[in-house]
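Scroll down for the structure; my scribbles are underneath it.
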Amino acid sequence: MSTDGGEPASPLLSVIIPCFNEGENVPILFGRLLPALRALGVSFEVVCVNDGSRDDTLERLLEIQRGEPTLRVVDLSRNFGKEKALSAGLFHCRGRAVVPMDADLQHPPEAIAEMLAKWREGWEVVFARRDARTGQGLSERLFAKGFYWVFDHLSDVRLPREVGDFRLMDRRVVDTINAMPERSRFMKGIFAWVGYRHAEVIYHQGERAAGTSKFNSIKLLRFAFDGLTSFSNFPLRVWGVIGAVISTLAFFYIVVRIIRTLIWGIDVPGYESILVSVLFLGGMQLLTLGIIGDYLGRVFDEVKGRPLFIVRRLHEPGEG
Ligand code: UDP
Ligand code: MG
């Protein structure tokens, strides 16, 4: 199955690695990744996407590339975020089986052997499932639990648990994803949405090799909200129902008030009930506007039709 020589041969396996300020990790990563890939005995390529790093990530990647003909480096023009960097990698890889993984060695490259074996059995997607959430505090775990619960109930795609971007995908799956035009790239959701037959392998997620996580709580919250709103219209529709219920209750309340006024006359107290209902409805309206605004913003982003990412330069091996 492996092709050698001749025209630009497409390798059997592509490994995609988005890198943002991972200078320290690059040598450690390749020190472990390359032996693991060579041990597979198949033709492979490594596609590193430099996501606008501000450290020496690119230099270190190019240095490794000088002695490593399997490494291709996609240099983005700025930081586009992990999801877009991953999309860039998916666009540029050529393998028949494609594995995205993180640069910090939290995804053990040794697990690829098992994934490849499953793929050969005919599975189009092979998830790598974490055996336990390591390096995560209680609050993060609760947050993840809550997110999955909400996502499951609001959206019609089901996200597999404890499964991140580390997985193997058949060329067919990658082509399907590449053909999806949407700008908003919640990859976990997109991976799940395209479907296909899947198997899974278990892996142990270690600690980050060097450096710190590139995601803080605010970024994570934004990410979770993006994921929800790009895979569910529920937050947009629910207000109609709530509005209908409240209007119905309000209607009966108005009838009661009118009858009371007709029978007992106007009583001045009542200030609180007015204030409460005005504030409550005002708050709800603002919230609804905010949510509609969020979807509108998303539509705006899609309508602009800007490219997902911009490649400054594609560094192919042997170009110097
Ligand atoms: N990453 C990226 N662009 C970003 C943020 C992260 O390409 O804007 C990459 C990062 O270099 C790493 C992967 O995404 O290879 C996962 O990031 P990280 O380890 O910080 O996330 P965590 O493991 O904490 O979820
Ligand atoms: Mg990490």
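The values are calculated or read from the model by the stated rules, or taken from the named source; none is laboratory data. Because the structure is a prediction, the values reported are computed rather than measured. Here the Cβ is made from the backbone with ideal geometry for all residues, glycine too, and neighbour counts use every protein chain on show. Accessible surface is based on the protein model in full, side chains and every heavy atom, while ligands, DNA and RNA are left aside. Shrake-Rupley method; radii C 1.70, N 1.55, O 1.52, S 1.80 Å.
Does Ala113 qualify as being open to solvent by 10 Å² or more (accessible area, probe 1.4 Å), aliphatic (A, V, I, L, M) and either at pLDDT 90 or above or in contact with a Pro (Cβ under 9 Å, 6 or more places away or on another chain) (or both)? So Ala113 fits the description; yes. Looking at Ile258, Ile263, Ile218, just one residue is within 30 Å of Glu22 (Cβ to Cβ), away from ligand 2 (no atom under 16 Å from the Cβ), open to solvent by 90 Å² or more (accessible area, probe 1.4 Å) and part of a helix (DSSP H, G or I), and that residue is Ile218. Against the test of being of a type in the set (Lys, Arg) and closer than 22 Å to Gly318 by Cα, the options Arg32, Arg60, Arg54 yield a single qualifying residue, Arg60.
Here the condition is being among the aliphatic types (A, V, I, L, M), closer than 24 Å to Ser10 by Cα and surrounded by fewer than 17 Cβ atoms within 10 Å (Cβ to Cβ); of Leu86, Leu40, it holds for Leu40 alone. Identify the residue in segment 195-215 that is more than 15 Å from ligand 2 (Cβ to nearest atom) and at positive phi and, among all such residues, is least open to solvent (accessible area, probe 1.4 Å). Among them, the one singled out is Gly195.
The set of residues from segment 288-315 being assigned to a helix (DSSP H, G or I), of a type outside the set (Phe, Trp, Tyr), open to solvent by 90 Å² or more (accessible area, probe 1.4 Å) and farther than 14 Å from Asp226 by Cα comprises Leu289, Val303. For segment 162-184, how many residues meet the condition of being under 14 Å from the mean Cα position of the chain (by Cα) and modelled with pLDDT under 85? Residues meeting the conditions: 6. Filtering segment 53-67 for residues that are within 16 Å of ligand 2 (Cβ to nearest atom), open to solvent by less than 50 Å² (accessible area, probe 1.4 Å), in a loop (DSSP other than H, G, I, E, B) and out of contact with any Ser or Thr (no Cβ under 9 Å at 6 or more places or on another chain) leaves a non-empty set.
Can you find a residue in segment 252-260 that is among the basic types (Lys, Arg) and closer than 30 Å to Val125 by Cβ?
Let us first name the residues in segment 252-260 that are among the basic types (Lys, Arg), namely 257, 260.
Still in the list and also closer than 30 Å to Val125 by Cβ: none.
So far as segment 252-260 goes, no, none of its residues is among the basic types (Lys, Arg) and closer than 30 Å to Val125 by Cβ.
Would it be correct to say that Leu29 is farther than 23 Å from Glu124 by Cβ and within 16 Å of ligand 2 (Cβ to nearest atom)? Yes, satisfied.
Please tell me if Arg78 is loosely packed, with under 14 Cβ neighbours inside 10 Å and either part of a strand (DSSP E or B) or within 13 Å of ligand 1 (Cβ to nearest atom) (or both).
On the way: loosely packed, with under 14 Cβ neighbours inside 10 Å: yes; either part of a strand (DSSP E or B) or within 13 Å of ligand 1 (Cβ to nearest atom) (or both): yes.
The answer is yes for Arg78.
Of the residues making up segment 221-238, those that are within 16 Å of ligand 1 (Cβ to nearest atom) and open to solvent by less than 20 Å² (accessible area, probe 1.4 Å) are Ala224, Gly227.
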